[in-house]
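*Asks:* Quick one: the structure is below, questions incoming.
The values are calculated or read from the model by the stated rules, or taken from the named source; none is laboratory data. All values derive from a computational prediction rather than experimental measurement. Cβ: placed from backbone, ideal geometry, glycine included. Neighbour counts: every protein chain shown.
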Amino acid sequence: MESENDNGRLVRQPGRLISFSDAVFAIAVTLLVLEIQPPQDFGHLLRGLGALWPSYLGYALSFLLVGQVWVNHHVMFDRVRHVDRQVLFLNTLLLMVIAFLPFSTSLLADAIRAELGLRTAVVVYGATLWTAAALFNVIWAHLRRAKLLDPDLGPFGIRAIGRRFALALVWIGSGILVGAFVPIAGVVIIAGFLPAYYLPIRGEYGEGRAAP
């Protein structure tokens, strides 16, 4: 939706960007389950279903991670007054990375099942998430610099959200580094990222206010 501000300049409201983003998130999590192929040997179906545990693990981890990205995407854009072309472009890049996650998930699950190439698979999986986190930071920096944020958020809230996004780079980066040498430990570190980033943090909705 477009409108004019007090100076007569055309501004874009974030509603369409959020709706399009929500659709991409929904498609990404749907594609995750399509990567789980049923076993071919129905004579030993229970055993075959059990052998798919790496796919179940990848599905659950990635579904929750995409959900986490979606939650923090709303945390960010709930506080945006309007968007410009740079935000539209950067958000498109973010969605492109999210849409790539089903491939990274399938790669990780197949490597666990084959017990081959696991280090590379963990690095690729972690790098996908790290790139998404990096784009969050770039978008947030641009929103701050271009003064596109709701002024009611205040400096305290801006810093609180910025710290959350910056910490994600270190956290996921640590998982990638460890995963390059000890793959399962790297996955555990990345998985530990989930509960911490689903929880609200004090200040993300403004100074002295807790997230609802």
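*Asks:* Keeping to the range 55-90, report how many residues are within 12 Å of the chain's Cα centre (by Cα) and under 15 Å from Ser19 (Cβ atoms).
*Replies:* Number of matching residues: 3.
*Asks:* A follow-up question, please. Can you find, within the range 1-42, the residue that is surrounded by the most Cβ atoms within 10 Å (Cβ to Cβ) among those that are at pLDDT below 85 and assigned to a loop (DSSP other than H, G, I, E, B)?
*Replies:* Glu35
*Asks:* Let me ask something else. In the list Gly206, Gly192, Gly175, which residue meets the criterion of being modelled with pLDDT of 95 or more and of a type outside the set (Ser, Thr, Tyr)?
*Replies:* Checking each option against the conditions leaves just Gly175.
*Asks:* Kindly list, by first and then second residue, each pair from a residue in the range 108-124 that is under 17 Å from Ile172 (Cβ atoms) to a residue that is surrounded by fewer than 21 Cβ atoms within 10 Å (Cβ to Cβ) and of a type in the set (D, E, K, R), limited to pairs with Cβ atoms under 8 Å and residues at least 6 apart or on different chains.
*Replies:* Short answer, once both residue conditions are applied: Ala121/Asp110.
*Asks:* Please go through the range 109-140 and pick out each residue that is over 17 Å from the mean Cα position of the chain (by Cα) and part of a helix (DSSP H, G or I).
*Replies:* Answer for the range 109-140, where residues must be over 17 Å from the mean Cα position of the chain (by Cα) and part of a helix (DSSP H, G or I): Ala109, Asp110, Ala111, Ile112, Arg113, Ala114, Leu118, Arg119, Thr120, Ala121.
*Asks:* Assess whether Gly157 counts as being part of a helix (DSSP H, G or I) and surrounded by fewer than 20 Cβ atoms within 10 Å (Cβ to Cβ).
*Replies:* No, not satisfied.
*Asks:* Only one of Leu45, Leu61, Leu65, Leu88 is in contact (Cβ under 8 Å) with a residue 60 or more places away in the chain, over 24 Å from Ala196 (Cα atoms), part of a helix (DSSP H, G or I) and aliphatic (A, V, I, L, M). Can you tell me which? Spell out how you get there, then give the answer.
*Replies:* On the way: Leu45 fails: in contact (Cβ under 8 Å) with a residue 60 or more places away in the chain; Leu61 fails: over 24 Å from Ala196 (Cα atoms); Leu65 fails: over 24 Å from Ala196 (Cα atoms).
The match here is Leu88.
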